[in-house]
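The values are calculated or read from the model by the stated rules, or taken from the named source; none is laboratory data. In this text, all values refer to a predicted model and were calculated from it rather than measured experimentally. Positions of Cβ are backbone-derived with ideal geometry, glycine not excepted, and every protein chain shown enters the neighbour counts. Accessible surface is based on the protein model in full, side chains and every heavy atom, while ligands, DNA and RNA are left aside. Shrake-Rupley method; radii C 1.70, N 1.55, O 1.52, S 1.80 Å.
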Amino acid sequence: MSAVIEEHHDDHHDHKPTGIGRWLFSTNHKDIGTMYLWFSFTMLFIGGALALVIRAELFQPGLQFVEPEFFNQMTTLHGLIMVFGVIMPAFVGLANWMVPMMIGAPDMALPRMNHWSFWLLPGAFGLLIESLIMSMMGMGSAPNFGWTFYAPLSTTYGPDSTDFFIFSVHMMGISSIMGAINIIATIMNMRAPGMTYMKMPIFVWTWFITAYLLIAVMPVLATAVTMMLTDRNFGTSFFDAAGGGDPVLFQHVFWFFGHPEVYIMILPAFGIISQVVPTFARKKIFGYSSMVYATSSIAFLSFIVWAHHMFTTGMPVATELFFMYATMLIAVPTGVKVFNWVSTMWKGSMTFETPMLFAIGFIFMFSIGGFTGLMLSIVPADFQYHDTYFVVAHFHYVLVTGALYAIYSAVYFWLPKWTGNMYDEKLGKVHFWVSTISVNVLFFPMHFVGLAGMPRRIPDYNMQFAEFNQMATIGAFVFGFSQLILLWNVVKTIRGRSTVKATDQVWEGAEGLEWTIPSPAPFHSFTTPPTVK
Amino acid sequence: MRAAIRVAGFISLILSSGQSLAEYQLDMRPGVTSFSQGAYEIHTLVMWISVVIAIVVFGAMTYAIINHRKSKGHKPASFDDNLKLEILWTIVPFIILGFMAVPATKVLLDMEDVSNSDMSIKVTAYQWKWHYDYLGEDISFFSNITTPDSLSVDTSCNVEMDENYLLDVDNRVVVPVNKKIRLLFTSNDVIHAWWIPAFGVKKDAIPGFINESWFKTDKPGVYRGQCAELCGTNHGFMPIVVEVKSEEDYAAWVGIQKAAAAEAAASAGKTWTMDELMAHGEKVYATNCAACHQTSGEGIPNVFPGLKGTPIVTGDIAKHIEIVVKGVPGTAMQAFGGQLNDADIAALVTYERNAWENNTGDIVQPSDIKAAR
Ligand SMILES: [Cu+2]
């Protein structure tokens, strides 16, 4: 036995276990990264299917397909799956693949923990989706209180499956915290000689900061769900006014997690855009250090703006003013980032391959989400926007055309490095254009119905909102199905029968350590550390 | 630019819908109170500042995309920072934000000043209706949605919809014009939010807490809104209707309310016939119970129990009355004892025991309810 182990030890260049065991027992950063990405992609289609149920019901006034009760389960699970099952795991998957390669390390610092943090996720989401399947089979109700699960709707009035939900959120939280610890340990300890902090690629920087945010706020989320658990099952009254508790306390705890969470879902996206834009502009990133400082200030500000989600709960005026001013300030570092990207493009020598298209789409449409975010920060106007479709439009611009577009950009950008094959450029462009047109048909009209007064999370609505809802539904179905183009393109690239082999550098303007190793990247990226000048 | 947005919206509308174009709205409406006006103005200001910034930034980006491309032989420049520029685009946004913050603060301070009100109404939210209590006036009532059968799935799409579909209630809140009306919000169960867009008032109704807001308008009329905080199954079906009347009309309305209350008190003592009880009971059931237990009495499987042929309503009468009066703690079944009078509950219990082929033949009188409380 020991002879075998030694043999394995010596043969560490490109040896990997084969078959299903390679995936089940893997501690390799690339295999785990791949599993994270496939997990996220699968969840994208599940969460997307739920969104299509919502949009189908909202196609016209009246109830045509689902009961209000089931509609609420759809909005709840759609939100939970997209936030915790799609965006976050996709970024962790990208970090797993790219951080070691970008800093010149052979693997993540804590590979066994990496294994565990991935394998908690299928358990967590299995539990959540199981409650939905049971609901569809007529056995109880799935979580139906919105992804923000405000008390007392989720405590005193929550369905039995709420306890499943609580356990599921705990598992997701543990997974995220371990992932974050691993990324911090890797970045701190495994950088190649000469790679000082201020020489790290921006993607590594943004993930470094994101990991700290995760460690700071995931325990707060765990606290919120634990308080729910004891309120529901052990007779406490944290959130129950009848027992001397405070339902608004729940919102403070939730959003103290929830607002930094928003930046957890966008900072790595900023990092991706900061890698892609310089590559295709064939020009260095403009204002590297201001990018790092802007990211840090956004992370700091994200801790002192949480109550801007709660302006209608009736806070003292002074509190409202503080949170309004603090929220408005976020516009400054966010603006710096956008200006830097535009300046990077300025006088570059640009080409527009699919990753660049998605990055440009990101800058345009994320900015629209940024502007509506600024509008939402203004308290008197927020009283009119709050809990309407205007908010739904805002956060979908930030999370779909923002975070998800950045993830798409990253996938097209690094797929040739991962597989050794070029993806189908024509198919990629079709994917971009169909998605971009349909996503705007989907989300832009939501601004209008929101401003006209349509509340969010309602299964039926007055006639005055009919036209724009119809438009949004058409956009939703086109956008939803056009994601199959990406799936087809990825599968085609992995199989590699009809594709061109990728070079080591892949892109003409690519700079950085990940482009110095062969494509596809070897099982252990750097067995001897490179030196960075 | 506004014209451009409207044109774009209109074109997309025509593209998306061959049906008749109902009236639609692209922007926030100005409103009829000082702070819905204020909110509208600050919304417009911030939106146009955003549009101008967007034109500058997106314009620069588009220029670069068109001109600085490799296919046109553009060679990359080598600059990667510019301290002066970076300081400039950090400081200028601060100044612009200041221009937004000043008017926003003014409007907010006006909104939060509830002093010197002329009258107060306490608004209590229930799953899924509103209760209004005119403080010091001895007027209080529930306000329920009236759109018929809005809660059952109908794939034929034949639901009748008028322009106030889902936005009509049985009892409107009536207030006088030109008076500062103070609103006190609380909730009986989960968090709801009371919202009338035309007033710019959106406040959460939170169990165990009291929130305040106010409005004052010089324009009589009917104003509509909806619950704005997810509050359970029928969150989409708890509209709000406020009718602002002239001083005299308001006084007349108050008179009618008081007369009706006196009449209800008188009828509580009399003995009702089966037909009277069934007729009244059906109404009480429709506004208070049908949302969960459904008009058919069949409930929603695994969410709300059915009442058709179940021992709850065909068995022990005393137990049945107790459930209606005291509710079932820890479930969505509320205690209706505080919401309905003896005659309502008597009629309701009688109705439930005899409707949907339950046919127990039991008759419950208001005096029975009084005794059971
Ligand atoms: Cu409500």
- Message: I'm told residue A:58 meets every condition in (1) open to solvent by 10 Å² or more (accessible area, probe 1.4 Å); (2) at pLDDT 90 or above except one. Can you identify the failing condition by its number?
- Response: (1)
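With respect to residue A:224, is the statement that it is surrounded by fewer than 16 Cβ atoms within 10 Å (Cβ to Cβ) and assigned to a helix (DSSP H, G or I) true?
For residue A:224, the condition - surrounded by fewer than 16 Cβ atoms within 10 Å (Cβ to Cβ) and assigned to a helix (DSSP H, G or I) - is not met.
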- Query: If you take the residues in region A:240-261 that are open to solvent by less than 30 Å² (accessible area, probe 1.4 Å) and not hydrophobic (A, V, I, L, M, F, W, C), which one is nearest to the other protein chains (Cβ to nearest Cβ)?
  - Reply: A:247
- Query: Would you call residue B:258 open to solvent by 70 Å² or more (accessible area, probe 1.4 Å), touching a strand residue (DSSP E or B) at 6+ places or on another chain (Cβ under 8 Å), away from the ligand (no atom under 16 Å from the Cβ) and over 30 Å from residue A:145 (Cα atoms)?
  - Reply: yes
- Message: Quick check on region A:133-162: of everything there that is closer than 22 Å to residue A:120 by Cβ and surrounded by fewer than 17 Cβ atoms within 10 Å (Cβ to Cβ), which residue is nearest to the other protein chains (Cβ to nearest Cβ)?
- Response: A:147
- Kindly indicate whether residue B:229 is acidic (Asp, Glu), touching a helix residue (DSSP H, G or I) at 6+ places or on another chain (Cβ under 9 Å) and away from chain A (no Cβ under 14 Å). no
- Query: Looking at region B:60-73, which of its residues are open to solvent by less than 50 Å² (accessible area, probe 1.4 Å) and either at the interface with chain A (Cβ under 8 Å from one of its Cβ atoms) or closer than 12 Å to residue A:344 by Cα (or both)?
  - Reply: B:60, B:61, B:64, B:65, B:68
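Any residue at all in region B:84-99 that's in a helix (DSSP H, G or I), within 15 Å of residue B:34 (Cβ to Cβ), touching a helix residue (DSSP H, G or I) at 6+ places or on another chain (Cβ under 8 Å) and away from the ligand (no atom under 16 Å from the Cβ)?
no
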- Note on the structure: Flagged in region B:187-226 as surrounded by 21 or more Cβ atoms within 10 Å (Cβ to Cβ), in a strand (DSSP E or B) and more than 16 Å from the ligand (Cβ to nearest atom), in numbering order, are B:213, B:214, B:215, B:223
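Filter region B:118-132 down to the residues that are open to solvent by less than 40 Å² (accessible area, probe 1.4 Å) and either outside any strand (DSSP E or B) or away from the ligand (no atom under 16 Å from the Cβ) (or both) and list them by number.
Within region B:118-132, the subset open to solvent by less than 40 Å² (accessible area, probe 1.4 Å) is B:119-121, B:123-132.
Selection gives B:119, B:120, B:121, B:127, B:128.
Table: residues versus (1) among the polar types (S, T, N, Q); (2) in contact with a Lys or Arg (Cβ under 8 Å, 6 or more places away or on another chain); (3) open to solvent by 20 Å² or more (accessible area, probe 1.4 Å).
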site: A:263; (1), (2), (3): no, no, yes
site: A:266; (1), (2), (3): no, no, no
site: A:286; (1), (2), (3): no, no, no
site: A:294; (1), (2), (3): no, yes, no
- Note on the structure: For residue B:49, the lone unmet condition from (1) within 7 Å of another protein chain (Cβ to nearest Cβ); (2) touching a residue at least 24 places away in the same chain (Cβ under 8 Å) is (1)
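For (1) aliphatic (A, V, I, L, M); (2) touching a residue at least 12 places away in the same chain (Cβ under 8 Å); (3) in contact with a helix residue (DSSP H, G or I) (Cβ under 6 Å, 6 or more places away or on another chain), each residue gets a yes or a no:
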site: A:245; (1), (2), (3): no, yes, no
site: A:256; (1), (2), (3): no, yes, yes
site: A:261; (1), (2), (3): no, yes, no
site: A:264; (1), (2), (3): yes, yes, yes
site: A:270; (1), (2), (3): no, yes, yes
site: A:276; (1), (2), (3): yes, yes, yes
site: A:282; (1), (2), (3): no, yes, no
site: A:286; (1), (2), (3): no, yes, yes
site: A:299; (1), (2), (3): yes, yes, yes
- Message: Residues that are more than 16 Å from the ligand (Cβ to nearest atom) and within 14 Å of chain A (Cβ to nearest Cβ): does region B:269-291 have at least one?
- Response: yes
- Message: Residue under question is residue A:368, and the condition is that it be open to solvent by 20 Å² or more (accessible area, probe 1.4 Å) and part of a helix (DSSP H, G or I); does it hold?
- Response: yes
- Go through region A:361-373 residue by residue and tally those that are within 11 Å of chain B (Cβ to nearest Cβ), within 19 Å of the chain's Cα centre (by Cα) and touching a residue at least 60 places away in the same chain (Cβ under 8 Å). 2
- Message: The conditions are (1) open to solvent by less than 10 Å² (accessible area, probe 1.4 Å); (2) more than 9 Å from every other protein chain (Cβ to nearest Cβ), and residue B:166 fails exactly one of them. Which is it?
- Response: (2)
- Item | Total residues in region A:174-221, condition of a type outside the set (A, V, I, L, M, F, W, C), open to solvent by 30 Å² or more (accessible area, probe 1.4 Å) and farther than 17 Å from residue A:100 by Cβ | 3
- Return a yes/no flag: does region A:89-101 have any residue that is in contact with a helix residue (DSSP H, G or I) (Cβ under 6 Å, 6 or more places away or on another chain), within 27 Å of residue A:236 (Cα to Cα), surrounded by 20 or more Cβ atoms within 10 Å (Cβ to Cβ) and of a type outside the set (Lys, Arg). no
- Run down B:247, B:212 and say which single residue is of a type in the set (Asp, Glu) and at the interface with chain A (Cβ under 9 Å from one of its Cβ atoms). B:212
